[in-house]
1. Which condition from (1) in contact with a Gly (Cβ under 7 Å, 6 or more places away or on another chain); (2) free of Cβ contacts under 8 Å to residues at least 24 places away in the same chain is the one that GLY67 breaks?
2. So for the stretch 105-119 (the condition being without any contact (Cβ under 8 Å) to a residue 60 or more places away in the chain, in a loop (DSSP other than H, G, I, E, B) and in contact with a helix residue (DSSP H, G or I) (Cβ under 8 Å, 6 or more places away or on another chain)), does at least one residue qualify?
3. Of all the residues that make up the stretch 36-61, how many are in contact (Cβ under 8 Å) with a residue 60 or more places away in the chain and farther than 21 Å from GLU157 by Cα?
4. May I ask you to list the residues in the stretch 70-94 that are without any contact (Cβ under 8 Å) to a residue 40 or more places away in the chain and either among the polar types (S, T, N, Q) or surrounded by 24 or more Cβ atoms within 10 Å (Cβ to Cβ) (or both)?
5. What about SER160, is it hydroxyl-bearing (Ser, Thr, Tyr) and touching a Cys at 6+ places or on another chain (Cβ under 8 Å)?
6. Is there a residue in the stretch 27-34 that is under 25 Å from ASP118 (Cβ atoms) and either part of a loop (DSSP other than H, G, I, E, B) or modelled with pLDDT of 95 or more (or both)?
7. Name the residues in the stretch 4-30 that are more than 12 Å from the chain's Cα centre (by Cα) and surrounded by fewer than 21 Cβ atoms within 10 Å (Cβ to Cβ), would you?
8. Within the stretch 186-212, take every residue that is within 14 Å of the chain's Cα centre (by Cα) and of a type in the set (A, V, I, L, M, F, W, C) and give me the one that is nearest to THR225 (Cα to Cα).
Amino acid sequence: MADVVLVHGLWHDGSSWSEVIPFLHDAGHRVTAVQLPLTSLEDDVAATQRVLRTISGPVVLAGWSYGGTVITNAAAEASNVSALVYVAAFAPDERESSFQILQRFGATVGEAVQPQEDGACGIDRDRYREVFAADVPAVRAQVLAAVQKPSALTCLESPSAEPAWRSIPSWYQVAEEDNALPPAAQRFMAERMRAVTTSVPSSHASPLSHARDVADLITRAAVRTA
C-alpha cells in the first residue's frame with residue numbers, strides 16, 4: 001500500500017480523479033484528492049502542502065494538467081514525497097510558467113478561454129469537449145463544462161520555483177491526442193526531466209477516458225519507490 005495524493009488542473013476540482021481512484025483503491029493504495037482554490041499558484045501549492053503534512057509516510061504525488069505545475073513546486077519542500085507522476089501535465093523549469101510552455105509550442109487552448117471581470121476565467125462551453133475531452137462521452141463532457149471551476153489567470157502566468165523533479169524520481173504519461181497541452185510539449189518536458197515515460201491515445205482528459213492506464217502508472221511509481 002502507498003499513500004497517493006492527486007492534484008487536479010484548472011477549471012476542475014478533485015472529482016477529476018473520480019475514475020482513477022477506484023483502481024488505486026483496488027491496488028491497495030490510500031488516496032487523497034486535493035481541492036485547489038485555483039486563486040493563485042501560491043495558494044494552490046499551499047493547499048497541496050497542507051495535505052502532504054497530514055501524511056507521515058512516503059507519498060506518490062500525481063498531477064494532471066496545471067496540477068503538474070503545482071506538484072513541481074509543492075514537493076520541493078516536502079520530504080515525504082517519494083515519486084512524482086505527471087499526467088498530461090505541465091512540468092515547468094525554474095522561472096518558467098505554464099503559459100510560457102503553451103506559447104513555446106503554439107498551443108491554441110487560449111482561444112477557448114473566456115476571461116471574467118474579476119481576473120478569473122473559464123472555458124467556452126461550446127468548445128469544452130473539443131479542447132479538453134474529445135474522447136469522453138458528449139453527455140459527460142457537457143457536465144464537466146457546466147461545473148467547471150473559475151480559475152485565476154495568474155495560475156498560468158506565475159513562474160515556477162526550483163522544480164522538485166530535479167531531485168525526485170518522476171514518471172510522465174503523454175496524452176497523444178491532446179488539444180489543450182500539445183503532445184510535443186509533453187514529450188519535451190518528460191525528456192527534460194528524464195522521467196519514465198508512457199503514452200495513451202487520449203484527449204487531455206486522460207484521467208477520465210484512460211483511468212486504468214493512469215492508475216497503473218501511479219502504481220508503477222509507487223512500487224518502484226517503495
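1. Only one criterion in (1) in contact with a Gly (Cβ under 7 Å, 6 or more places away or on another chain); (2) free of Cβ contacts under 8 Å to residues at least 24 places away in the same chain is unmet by GLY67, namely (2).
2. Looking for residues that are without any contact (Cβ under 8 Å) to a residue 60 or more places away in the chain, in a loop (DSSP other than H, G, I, E, B) and in contact with a helix residue (DSSP H, G or I) (Cβ under 8 Å, 6 or more places away or on another chain), one finds at least one in the stretch 105-119, hence yes.
3. Of the stretch 36-61, the ones in contact (Cβ under 8 Å) with a residue 60 or more places away in the chain are 38-42, 44, 58, 60.
Filter once more, so that each one left must be farther than 21 Å from GLU157 by Cα: 58, 60.
Summing the residues that are in contact (Cβ under 8 Å) with a residue 60 or more places away in the chain and farther than 21 Å from GLU157 by Cα in the stretch 36-61 gives 2.
4. SER79, ASN80
5. no
6. Yes, the stretch 27-34 has at least one match.
7. Listed by number, the residues that qualify are SER15, SER18, GLU19, ILE21, PRO22, PHE23, HIS25, ASP26, ALA27, GLY28, HIS29, ARG30.
8. ALA190
The values are calculated or read from the model by the stated rules, or taken from the named source; none is laboratory data. Since the structure is predicted, the reported quantities are computational estimates derived from the model, not experimental observations. Note that each Cβ is placed from the backbone with ideal geometry, even for glycine, and that neighbours are counted across all protein chains shown.
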